[in-house]
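Report on the following structure.
The values are calculated or read from the model by the stated rules, or taken from the named source; none is laboratory data. Quick caveat: nothing in here was measured; it's all calculated off a predicted structure. Note that each Cβ is placed from the backbone with ideal geometry, even for glycine, and that neighbours are counted across all protein chains shown. For the accessible areas, the whole protein counts, side chains as well, though only heavy atoms, and no ligand, DNA or RNA atoms are used. Shrake-Rupley method; radii C 1.70, N 1.55, O 1.52, S 1.80 Å.
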Amino acid sequence: MKRETRLLLEKAGDSLVLSIELFNRPSDRGRASTTLILLDHAFEMLMKAAIVHRGGKIREPRAKETIGFDKCVRRSLTDSRIKYLAEEQALVLQAINGLRDAAQHHLLDISEGQLYLHLQSGVTLFRDLLRNVFGEELSTLLPARVLPVSTTPPTDLTTLFDSEVQEITKLLAPGRRRRLEAIARLRPLAVLDSALKGEKGHPGDSDLAKCARSIRAAGSWKKVFPGVAAVEIKAEGAGPSLTLRLSKKEGIPIELVKEGTPDASVVAVKRVNELDYYSLGAKQLAQKVGLNLSRTLAVVDHLRIRRKPDCYKEFKIGAQTYKRYSPRALEIIEENLPALDMERIWAEYHAAHGRRRK
């Protein structure tokens with residue numbers, strides 16, 4: 001391992017340990033902000049160590065300073081020689097970086113549940129990247145006993161946001177005169193949503209006031225924060241082996257944001273209307289693949305398209321049930337169709353269909 005890589009990795013480990021230590025300390029003075037700032041720094045150093053380790057550059061030609069956080073994420077995600085980062089991991093990094101910006105440059109009133117979520121998912125991601133890029137275990141940088149500790153660890157993002165919005169709604173109730181407190185509580189939710197949607201920077205007071213009005217009118221946060229509604233927490237293990245991973249829900253794509261897009265991060269969850277996503281009926285699918293309806297359904301059965309959540313979904317509207325397919329289903333069929341033995345598939349489908357009718 002190069003000396004520069006080792007030194008960057010040591011700095012990353014130092015910041016991670018200090019972030020965990022600050023989270024676990026009894027005193028609350030400056031605790032949330034410094035926890036997030038150090039966690040963000042740990043990941044910037046880790047990404048730079050990984051880029052150097054894989055033969056990449058962390059300085060642009062003739063630049064005096066090294067590249068920043070966003071550039072590290074993009075290079076780690078899109079450079080074929082360096083690539084080690086997955087899109088969902090980039091979402092976690094953007095969320096941490098967005099919260100760090102708010103903590104560093106303005107006011108951030110973040111709940112214990114949210115702070116724990118980001119630190120524990122951060123530790124999980126740090127452990128994954130350390131193992132996958134460097135072949136090292138987290139225990140080489142910190143004792144196995146070191147872990148963020150919470151008396152009420154959240155394992156469901158929906159429940160966490162439900163409870164947060166309930167508290168904010170109480171603060172916004174007529175006659176309470178606690179609007180400024182409600183706005184402060186809204187900021188970390190809005191920052192997380194913006195990070196997931198690929199929007200750089202933290203929302204201003206006017207944006208947060210608009211969010212507050214929308215929550216009061218809608219009675220639900222899912223329409224106000226569609227980026228958060230598109231992801232979930234996946235929890236595994238317990239105690240020192242606990243892992244928390246933030247990941248997108250089935251059928252919801254992540255898109256790479258074009259470099260140079262103003263006020264944009266690297267990746268974004270693209271939340272779509274489900275009827276727009278599952279845009280094809282069986283007849284439309286058949287027309288696009290160039291088969292009749294029955295043979296198309298035979299191929300659908302053979303490739304088990306209906307068992308793939310990102311390919312097929314049934315919608316019940318009133319008394320009617322609509323069976324819909326996504327463009328991903330079309331892609332899978334077109335990829336496999338040239339190699340399929342259609343006569344055999346048709347015979348099997350016809351036989352199975354006949355048995356079902358009997």
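Could you list all residues from the range 170-188 that are free of Cβ contacts under 8 Å to residues at least 40 places away in the same chain, in contact with a helix residue (DSSP H, G or I) (Cβ under 8 Å, 6 or more places away or on another chain) and either in a helix (DSSP H, G or I) or open to solvent by less than 20 Å² (accessible area, probe 1.4 Å) (or both)?
LEU171, ARG179, ALA182, ILE183, LEU186, listed by residue number.
Can you tell which of ARG81, ARG54 is open to solvent by 60 Å² or more (accessible area, probe 1.4 Å), modelled with pLDDT of 95 or more and farther than 18 Å from LEU125 by Cα?
ARG54 is the lone residue from the list that is open to solvent by 60 Å² or more (accessible area, probe 1.4 Å), modelled with pLDDT of 95 or more and farther than 18 Å from LEU125 by Cα.
Can you pull out every residue in the range 211-225 that is modelled with pLDDT of 80 or more, of a type outside the set (A, V, I, L, M, F, W, C) and surrounded by 14 or more Cβ atoms within 10 Å (Cβ to Cβ)?
SER214
Examine the range 85-104 for a residue that is surrounded by fewer than 16 Cβ atoms within 10 Å (Cβ to Cβ) and closer than 25 Å to GLU181 by Cα, and state whether such a residue exists.
yes
Among the residues in the range 167-186, are any within 30 Å of PRO253 (Cβ to Cβ) and among the small types (Gly, Ala, Ser)?
no
Determine which single condition LEU291 fails, assuming it passes every other condition in (1) open to solvent by 30 Å² or more (accessible area, probe 1.4 Å); (2) modelled with pLDDT of 90 or more; (3) within 30 Å of GLY227 (Cα to Cα); (4) of a type outside the set (Gly, Ala, Ser).
Here LEU291 meets the rest and fails (3).
Six or more apart or on different chains, Cβ under 9 Å: which pairs go from a residue in the range 106-125 that's farther than 18 Å from PRO26 by Cα to one that's charged (D, E, K, R) and surrounded by fewer than 20 Cβ atoms within 10 Å (Cβ to Cβ)? Could you list them?
Matching pairs, first to second residue: SER121/ARG245; THR124/GLU236; THR124/ARG245; LEU125/ARG245.
Can you tell me which of (1) open to solvent by 60 Å² or more (accessible area, probe 1.4 Å); (2) farther than 18 Å from SER19 by Cβ; (3) out of contact with any helix residue (DSSP H, G or I) (no Cβ under 8 Å at 6 or more places or on another chain) is the one GLU112 doesn't meet?
Every listed condition holds for GLU112 apart from (2).
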